[in-house]
Every structure is written in C-alpha cells, then in structure tokens.
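Please read the structure below before turning to the comments.
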Amino acid sequence: MPPPAADAFLRVERRKGAYALVVLCREPVNTMNLSFWQQLTAVLDELEADPAVRGIIFCSGLRRDVFTAGNDINELYAPLTSHERYREFWLVSNRFLARLYTSPLVTVAAIRGACPAGGCCLSMCCDYRVMTESGSIGLNEVALGISVPKMWAGLMMRLIGTGPAEKLLQFAVMLQPGEAKELGLIDDVASKEGLMAAAEQAMRQMLKSPDFSRADTKSKLRGDFAAEWARYAETEVDGAWELLSSGPVKAQLAGVLERLSGGKKKADPQSRL
Amino acid sequence: MPPPDADAFLRVERRKGAYALVVLCREPVNTMNLSFWQQLTAVLDELEADPAMRGIIFCSGLRRDVFTAGNDINELYAPLTSHERYREFWLVSNRFLARLYTSPLVTVAAIRGACPAGGCCLSMCCDYRVMTESGSIGLNEVALGISVPKMWAGLMMRLIGTGPAEKLLQFAVMLQPGEAKELGLIDDVASKEGLMAAAEQAMRQMLKSPDFSRADTKSKLRGDFAAEWARYAETEVDGAWELLSSGPVKAQLAGVLERLSGGKKKGDPQSRL
C-alpha cells in the first residue's frame with residue numbers, strides 16, 4: 001500500500017466486495033483538526049458518489065493502539081485559534097458526523113485501542129462497532145473540563161438508552177470493551193489480529209440487504225435527528241466559543257495541553273480530546 | 001363456535017372474565033388487505049363500545065402456524081391497485097394500528113408461528129406479546145425491497161430502544177422467540193399447546209388493574225405518538241405511492257408475487273408482507 005501524501009491524514013483502500021477501508025493515519029494519535037474533518041468530508045463525498053462502493057470501514061493506521069484521540073485541542077484552546085476558525089471547525093466536523101450518521105453506505109468502525117470523545121462519536125455514527133480487547137470507549141469531555149456536545153450526548157442516548165447514557169456522560173466514564181458490548185455501545189469484541197476480519201465479516205453480512213430499501217429505512221430512522229444535529233451546530237457554536245474563551249475553561253485546557261506535551265511546549269501537542 | 005361468513009376474515013369469541021378473543025382466520029396465511037383492516041376496525045369499534053368488554057386477545061385461527069403474513073402485496077403492487085385504493089388502504093390500516101396502540105382495552109397478541117411485517121406491527125401495538133417456541137418475529141420490509149414505514153420503525157424503537165431496533169430494521173432481521181424475549185420485543189414464550197393459556201393468564205393479571213386509571217395512563221404514555229402516527233400516515237401516503245409506482249419497486253414486488261404463487265399466477269397470491 002502506498003505511503004500517504006505529506007499532509008493526507010487518511011487513505012482509502014478499496015476492497016473486493018464493494019466496500020472500502022478509510023484508514024485514519026495522522027501520527028501519533030489521530031487528533032482531529034479542521035483539515036482532518038475536511039479530509040473526512042471529501043472522502044465521504046468521493047465514496048458516496050462511487051457506484052462501485054456500498055460500504056466503508058473506518059480504522060486506524062497508527063503505530064499505537066489508538067483509534068483516534070479525538071478533537072485536536074489546538075482547535076478548542078482559544079489563545080491558539082479564533083472565533084472564525086472555531087466556527088468553521090465546529091460546523092465542518094458536526095456536519096460530517098450528521099452526514100455519516102445517515103449515509104446510504106453501510107458503515108463500520110473497527111476500533112483498535114483507545115476511542116475517547118470525538119472518535120467515540122464518529123464510531124457511534126456508524127452502523128456497527130467492533131473493538132479490540134484492550135480498547136476503551138466513551139465520551140469523556142467532562143473530565144477535561146468541557147461539556148459533552150448536546151447532540152453527541154443525544155446520539156449516545158439513542159444508542160444505549162437515556163438512563164445508562166446519562167451516567168456515563170455526566171461522569172466521563174470510559175468503558176472497557178466487555179462493558180461497552182453489554183450496554184450496546186459496541187457490537188463485538190475482537191483480538192487485535194482478528195479485528196479487521198471481524199469488521200469485514202460484519203460488512204459482508206450487512207451488504208446482503210438490498211441497498212435501496214436499507215438506505216431508505218436508515219434515512220427514515222435517523223434523518224430527523226441528523227437534520228436537528230446539523231441545525232443545532234449552528235445554534236450552539238457562538239455560545240460554545242464564549243465558554244471556550246472564559247477564564248476557567250482556558251485555564252483547564254492550558255493544563256491539558258501542558259500535560260499532553262510533557263510540560264515542554266504548548267504548540268501542536270497530542271490532544272486527548 | 002360458528003364458522004366464519006364467506007367473506008369474514010375475523011371472528012370474535014367472548015370469554016368469561018370480560019375479555020374476547022379476536023381470531024384472525026383468512027386462510028391460508030391471514031394476508032391483510034383493505035377488507036381485513038376494515039373488519040379489524042369494526043371489531044375494535046364493537047368491543048370498545050361494549051361495557052362488558054375490558055380486553056382483547058388477538059390470535060390466529062389458521063391451519064398453518066402463522067399469526068399473519070402481513071400486508072397483502074396486492075395492495076402494494078401498483079399494477080394491481082390504484083392511488084385511491086392505496087390511499088384508503090394505508091389510512092385505514094394505520095389509523096387502526098394507532099387506535100389499537102392507545103385502546104382503553106387491555107390488549108394481548110398470542111402469536112402462533114410466523115409474525116413478519118404487518119403482523120409484527122399489530123402485535124407491537126398490544127400491551128403484551130406471547131409467542132410459540134417455533135415462531136419468528138420482526139419488521140422485514142427491507143428484504144422485500146421496500147422501506148419500513150417510519151412510524152412502525154418508531155414503534156419498535158419505543159419498545160426495545162433505538163440502538164437495537166436500528167440494526168433489526170435496516171437488515172430485515174427476523175428474531176427467534178428467545179432472542180425476541182431477550183430484547184424485549186415479546187414478553188413470553190410458550191409451547192403451542194400452552195399459548196392460549198399463557199395469553200389468558202396474562203390478560204387476567206392485567207385486568208386486575210382498575211380500568212379508568214390504567215386506560216388514562218396508557219393514553220398519556222402513548223397518545224402523542226399515536227396522534228403523530230395518524231397524522232403522518234396522511235403526510236406519507238402520496239410519497240409512498242410514488243415509490244410503489246417506480247420501476248425498481250414494481251419489479252421487486254412482481255418478483256415477490258411470482259415467488260409466492262410458485263411462479264404460476266400473479267393474482268391474489270399469499271403475501272409475505
């Protein structure tokens with residue numbers, strides 16, 4: 001497989017059987033900045049427009065066992081960004097997620113390793129989630145001093161029920177794979193060696209359903225929520241920027257950045273969001 | 001018990017204890033056409049108006065182990081029907097289902113055998129579902145090339161949770177009784193010989209609750225959804241007819257009709273919807 005282009009954070013590997021792997025490969029931990037979300041959007045455009053492609057498996061191509069560490073804190077730490085850039089970042093990422101949630105393609109998340117926050121959200125937008133035995137998953141924003149985005153929380157509530165989700169979300173719980181499967185947050189657990197085979201088997205099974213009726217039914221099930229999601233992103237963005245610009249949140253995120261960079265530098269660290 | 005009239009698809013058997021059996025008996029597989037839904041509506045009118053009646057158990061009187069095979073495909077296959085008739089069929093059936101869902105009577109579905117699509121929906125409108133060990137249940141429209149109706153999907157999502165329902169609905173999953181009970185889609189599994197006793201025992205238990213407060217509470221729990229259901233049926237019917245009149249769907253349903261009639265004829269076959 002060819003090495004990715006210098007600033008390409010994803011690569012696409014087409015498979016026989018009418019599906020493609022979208023391999024997330026921004027070393028070291030797939031932190032998702034504006035460019036990452038823009039590249040995800042472009043890839044979704046390309047694959048949805050391709051009549052030979054009926055499904056996508058998202059997976060990590062990193063050296064480390066991390067699916068993605070989530071949103072890049074450089075996009076959230078006010079001194080390192082701007083209102084305009086934050087607005088674009090927020091709208092691009094949430095529009096992608098809402099689109100992915102209703103994509104006519106069958107979607108699978110093959111989760112090798114850690115899957116907090118933004119990566120958890122991306123995986124919940126898929127039709128099927130399988131993760132490795134030593135992974136972890138959850139929306140842990142509260143532990144970093146920020147709130148769980150309302151529609152991301154709503155998505156988890158739809159998936160596992162409001163009662164269970166409320167506990168996880170308020171208290172930044174990261175689940176082990178067995179617990180996640182029991183709650184219905186993921187569908188299957190696999191060994192590291194068996195992860196991709198499990199994901200591809202699930203894909204082939206789901207591709208047995210006729211596309212038109214399956215995709216139309218998916219759109220009936222999820223369309224209203226996805227439309228509300230995209231609308232709400234516009235509504236919430238300015239209030240979110242105000243919060244990100246407030247003293248306490250800036251201080252909290254500054255602390256996160258320092259911890260992530262080992263105290264050495266504050267620019268372009270590995271984020272854990 | 002008297003034999004049914006030549007064109008009566010149901011019969012009512014009153015029981016001591018203030019409930020009645022509504023026996024579905026359109027040989028060979030209880031396919032539900034416009035007349036069937038009209039008869040169901042008339043029976044619901046009659047029993048709700050009868051002060052001696054406090055509950056209904058729906059069951060199959062067929063020779064075969066089938067609860068109902070679902071909607072009669074003759075009502076969906078555009079060349080064999082019309083826009084006007086389809087509109088009436090869709091509104092009558094969905095108004096009945098929405099009414100059943102909020103009926104002040106206690107309702108039980110005693111499911112002997114196969115329960116796909118329209119039969120699954122009818123049973124989900126009841127307060128309690130018990131099925132035989134060799135039955136199967138689910139909304140399998142996607143496998144027949146049509147979409148699951150939005151409010152039928154919504155009903156399943158209310159019953160078992162959005163996450164589990166989405167997987168069943170997109171991939172036309174038909175559940176075995178044990179799986180169905182585990183997901184909460186049905187309440188109990190019984191032997192063929194024990195089915196009616198189990199249904200009647202559940203009925204007697206539920207009839208211990210005072211009618212007024214039970215029925216009023218049921219209406220609070222389900223009234224909004226049922227009202228939305230009846231409204232949405234009006235909204236969706238013309239778009240649904242357009243889809244049914246499209247080349248691909250007609251071809252798909254033509255294929256279903258041929259398979260059901262063993263390739264011999266296309267008129268009045270057994271439907272599997």
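The values are calculated or read from the model by the stated rules, or taken from the named source; none is laboratory data. Worth saying up front: this structure is predicted, and the values here are computed from it rather than measured. Quick reminder, even Gly has a Cβ in these numbers, built from the backbone with ideal geometry, and neighbours come from all protein chains shown. Just so you know, the surface numbers come from the protein's heavy atoms only, side chains and all, with ligands and any DNA or RNA stripped out. Shrake-Rupley method; radii C 1.70, N 1.55, O 1.52, S 1.80 Å.
Taking residues in segment B:152-163 that are within 8 Å of chain A (Cβ to nearest Cβ), and partners anywhere that are crowded, with 23+ Cβ neighbours inside 10 Å and modelled with pLDDT under 95, the pairs with Cβ atoms closer than 9 Å and at least 6 places apart or on different chains are B:Ala153/B:Ser147.
For segment B:24-41, the candidate set comprises residues that are touching a strand residue (DSSP E or B) at 6+ places or on another chain (Cβ under 7 Å) and over 15 Å from B:Cys115 (Cα atoms); within that set, the residue that is least open to solvent (accessible area, probe 1.4 Å) is B:Leu40. Taking A:Val92 as the residue in question, decide whether it is surrounded by fewer than 24 Cβ atoms within 10 Å (Cβ to Cβ) and of a type in the set (A, V, I, L, M, F, W, C). Considered against the rule, which asks whether it is surrounded by fewer than 24 Cβ atoms within 10 Å (Cβ to Cβ) and of a type in the set (A, V, I, L, M, F, W, C), A:Val92 comes out as yes. For segment A:111-135, the set of residues classified as open to solvent by less than 10 Å² (accessible area, probe 1.4 Å) and more than 21 Å from A:Asn33 (Cα to Cα) consists of A:Asp127, A:Arg129, A:Val130, A:Met131, A:Thr132, A:Gly135, listed by residue number.
A:Gly70 meets the conditions (1) open to solvent by 20 Å² or more (accessible area, probe 1.4 Å); (2) touching a Leu at 6+ places or on another chain (Cβ under 8 Å) in every case but one. The failed one is (1).
Only one of the numbered conditions (1) assigned to a loop (DSSP other than H, G, I, E, B); (2) open to solvent by 20 Å² or more (accessible area, probe 1.4 Å); (3) free of Cβ contacts under 8 Å to residues at least 60 places away in the same chain is violated by B:Val148, and that is (2). For segment A:196-207, the tally of residues that are more than 8 Å from every other protein chain (Cβ to nearest Cβ) and either crowded, with 20+ Cβ neighbours inside 10 Å or not in a helix (DSSP H, G or I) (or both) stands at 5.
Can you say whether A:Asp45 is acidic (Asp, Glu), assigned to a loop (DSSP other than H, G, I, E, B) and either surrounded by fewer than 23 Cβ atoms within 10 Å (Cβ to Cβ) or more than 16 Å from the chain's Cα centre (by Cα) (or both), as far as the supplied structure shows? Here the answer is no, as A:Asp45 does not meet what is asked. Does A:Pro248 count as open to solvent by 40 Å² or more (accessible area, probe 1.4 Å) and away from chain B (no Cβ under 14 Å)? For A:Pro248, the condition - open to solvent by 40 Å² or more (accessible area, probe 1.4 Å) and away from chain B (no Cβ under 14 Å) - is met.
Residue selection: B:Gly145 satisfies the criterion of being more than 26 Å from B:Asp224 (Cα to Cα) and among the small types (Gly, Ala, Ser). Scanning segment A:176-195 for residues that are part of a helix (DSSP H, G or I) and within 14 Å of chain B (Cβ to nearest Cβ) yields A:Ala180, A:Lys181, A:Glu182, A:Leu183. Given the criteria more than 10 Å from chain A (Cβ to nearest Cβ), hydroxyl-bearing (Ser, Thr, Tyr) and without any contact (Cβ under 8 Å) to a residue 12 or more places away in the chain, does B:Ser136 qualify? No. Only one of (1) open to solvent by 10 Å² or more (accessible area, probe 1.4 Å); (2) farther than 25 Å from A:Gly184 by Cα; (3) in contact with a Leu (Cβ under 6 Å, 6 or more places away or on another chain) fails for B:Ala215. Which number is that? Of the numbered conditions (1) open to solvent by 10 Å² or more (accessible area, probe 1.4 Å); (2) farther than 25 Å from A:Gly184 by Cα; (3) in contact with a Leu (Cβ under 6 Å, 6 or more places away or on another chain), the odd one out for B:Ala215 is (3).
Taking B:Glu166, is it open to solvent by 50 Å² or more (accessible area, probe 1.4 Å), within 14 Å of chain A (Cβ to nearest Cβ) and in a helix (DSSP H, G or I)?
Judged against the criteria, B:Glu166 is not a match.
Checking each residue in segment A:70-98 for being outside any helix (DSSP H, G or I) and touching a helix residue (DSSP H, G or I) at 6+ places or on another chain (Cβ under 7 Å) picks out A:Gly70, A:Asn71, A:Leu76, A:Tyr77, A:Thr81.
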